[in-house]
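The values are calculated or read from the model by the stated rules, or taken from the named source; none is laboratory data. As the structure is a computational prediction, the values presented were derived from the model and not from experiment. Note: ideal-geometry Cβ built from the backbone for every residue, glycine included; neighbour counts use all protein chains shown. Just so you know, the surface numbers come from the protein's heavy atoms only, side chains and all, with ligands and any DNA or RNA stripped out. Shrake-Rupley method; radii C 1.70, N 1.55, O 1.52, S 1.80 Å.
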Amino acid sequence: MRGDTVTSFFDTLETRSADERAAALAEALPGQIARAKALPGYADSLAEVEAGAVTSLDVLAALPVLRKSELGKAQAANGPLGGFAGPASGHAHIFQSPGPIYEPGGVSHDWWRIGRFLNAVGIGQGDIVQNCFGYHLTPAGMIFENGARAVGAPVVPAGTGQTELQARAAHDIGVTAYAGTPDFLKVILDQADQMGLSLKITKAAVGGGALFPSLRQEYADRGIPCLQNYATADLGNVAYETPAMEGMIVDEGVIVEIVRPGTGDPVAAGEVGEVVVTSLNPDYPLIRFATGDLSAVMAGESPCGRTNMRIKGWMGRADQTTKIKGMFVRPEQVADLVKRHDDVARARVIADREGEMDVMLVQLETAATDGSVYEQSVLDTLKLRGRIELVPAGSLPNDGKVIEDRRSYE
C-alpha cells in the first residue's frame, strides 16, 4: 500500500493551504468558544475569556485544559452531560463509556466525521460494510455506521461476538469491507476458513486498539489493505491513516495540540506529549480536551496530498490507562477490584499479546488459593475476562504501577 496516494478526497477541506486553514480557524474558533461559554460546565474556566479574541492556536493554548475526570465529576453533580453540552433532549443519543462517562451523539450527516477516514480506506458506494464495533451503550457502532452512511455504503450492523454467524453473514451478503477492532477481523477470517466459506472482504477500517505490524501484514497477505484511525467517544474522528502510510492526518473538524503531560503547555514539534483536542462540533464544544493519549507531530505533509498536520498515531498513555481488546482499563477500576475483596492487598493488570490477540493477566496479592472466586469481580470492574494469578503479599513490584502494558508497538 505504501506509495499508493489516493487522489479521491472526501472534500476540499483536506487539501487547503496553510493560510486557508488558518483563516478558517480564525473564523470558526470565536464562535465555538462563545458556544462553550454559554454552557454551565465552562462557567468558571472560560468566564474571563473573550471569545472574539480566540482566533489562533497561540491564543487557544493559553486556555485551561479540560480533563475527563472533570467531566465525570460534573456529570455526577449535573447529569447526564455535566453542563458541557446542551440538554439531553437536544441530542439523538446518550452513550455510556467506562467511568462511567456519558457522551451525546447525533445522526446528522457525518456527525463524528468518520466518513473522511472511510473514504481514505477506499470505502464508498458499491461496498457493503460489516460493522463489528459494539452497539451496546458505547458509541463506536453508531459512530462507524454514521460514517458509512456519509460515503454511501450500506452497513451490516454485526456488533461483537457470534463469530459463526458473522462469517456466514459476510459470505451470504457479499460483504466487501470490515469495520471493527484490529484483531476481530482475523477471528472472522479464520472462522470462515474453518467453515469453508469464501469471503469478499478487500478493505478494512479499524480502531479501538493497536494495529500491530504483524497483524497488518497478515491482512495484506490475504489481500486486505488495513488502515486505522484514532477516534474517541467524546470527540469522534481525531486523526486517520491514508494509503501513504506515513503517520495519521489530523481531521478537519478538530484542532490538535501536543502538550507536556499534566500541563497545557505545548511541546516542541516532534516531541512526544499528551494529545489535547478542541472540537469544532457545535453540538458538543469540547475546548482543549485532554485525551490522556501520547503522540507527536510529524514534520511535513503527507504524500497522499492531504495537507493538514500529521501525528505519529497512538504512542501510549500519559497515565496508566490502557486499552485492552478495544476497552479502556483505568487505574480506578483496578482500585475498585481491590476494594471488593478484603483479602486482596494489591492488584496489577498486565496487557500482553498471544499470537495476534490481546490478553489480560490480573495478578492479585492474597493468601487465597482459588482464583475462580475473583472471576466475576474482574468482569464486573474491568469489563473484560482475563487470566487470574494469585501471588503472595509483597511480591508485586513497588513501582506505583497498577496497569502494565507489555505489548510491543514497534
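A few points about this structure:
- Residue among 67, 113 that alone is charged (D, E, K, R) and open to solvent by less than 40 Å² (accessible area, probe 1.4 Å): 113
- Qualifying residue in the range 118-127 (condition: touching a helix residue (DSSP H, G or I) at 6+ places or on another chain (Cβ under 8 Å) and in a helix (DSSP H, G or I)): yes
- Flag for residue 210 being buried (at least 20 other Cβ atoms within 10 Å of the Cβ) and outside any helix (DSSP H, G or I): yes
- Condition broken by residue 14, with the remaining ones in (1) within 22 Å of residue 253 (Cα to Cα); (2) modelled with pLDDT under 95 satisfied: (2)
- Considered as a group, the residues in the range 381-410 that are within 20 Å of residue 326 (Cα to Cα), assigned to a strand (DSSP E or B) and not aliphatic (A, V, I, L, M) include one that is most open to solvent (accessible area, probe 1.4 Å), and that residue is 387.
- Residue list for the range 5-45, filter: loosely packed, with under 12 Cβ neighbours inside 10 Å, in contact (Cβ under 8 Å) with a residue 40 or more places away in the chain and more than 30 Å from residue 122 (Cα to Cα): 40, 43
- Within the range 385-405, residues that are of a type outside the set (Lys, Arg) reach partners that are part of a loop (DSSP other than H, G, I, E, B) and open to solvent by 40 Å² or more (accessible area, probe 1.4 Å) with beta carbons closer than 6 Å, at six or more positions or on different chains, in the pairs 393/345; 396/346; 403/320.
Residues are listed down the side, and each one gets a yes or a no for (1) over 27 Å from residue 71 (Cβ atoms); (2) in contact (Cβ under 8 Å) with a residue 40 or more places away in the chain:
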| position | (1), (2) |
| --- | --- |
| 91 | no, yes |
| 99 | no, yes |
| 104 | no, yes |
| 142 | no, yes |
| 148 | yes, no |
| 152 | yes, no |
| 159 | no, no |
| 165 | yes, no |
| 171 | yes, no |
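- The lone criterion from (1) of a type outside the set (D, E, K, R); (2) under 16 Å from the mean Cα position of the chain (by Cα); (3) more than 14 Å from residue 235 (Cβ to Cβ) left unmet by residue 114 is number (3).
- Residue 85 surrounded by 13 or more Cβ atoms within 10 Å (Cβ to Cβ), assigned to a loop (DSSP other than H, G, I, E, B), in contact with a Phe, Trp or Tyr (Cβ under 8 Å, 6 or more places away or on another chain) and on the phi < 0 side of the Ramachandran plot: yes
- Evaluation of residue 352 against (1) open to solvent by less than 50 Å² (accessible area, probe 1.4 Å); (2) outside any loop (DSSP other than H, G, I, E, B); (3) at pLDDT 90 or above (one fails), failing number: (1)
- Residue check for residue 175: free of Cβ contacts under 8 Å to residues at least 40 places away in the same chain, in contact with a strand residue (DSSP E or B) (Cβ under 8 Å, 6 or more places away or on another chain) and either open to solvent by less than 10 Å² (accessible area, probe 1.4 Å) or within 30 Å of residue 290 (Cα to Cα) (or both): no
- Residue match in the range 191-198 (condition: farther than 18 Å from residue 139 by Cα, free of Cβ contacts under 8 Å to residues at least 40 places away in the same chain, out of contact with any Leu (no Cβ under 6 Å at 6 or more places or on another chain) and of a type in the set (Gly, Ala, Ser)): yes
- Considering residues of the range 46-60 that are touching a residue at least 40 places away in the same chain (Cβ under 8 Å) and either crowded, with 17+ Cβ neighbours inside 10 Å or among the aromatic types (Phe, Trp, Tyr) (or both) only, the residue farthest from residue 26 (Cα to Cα): 46
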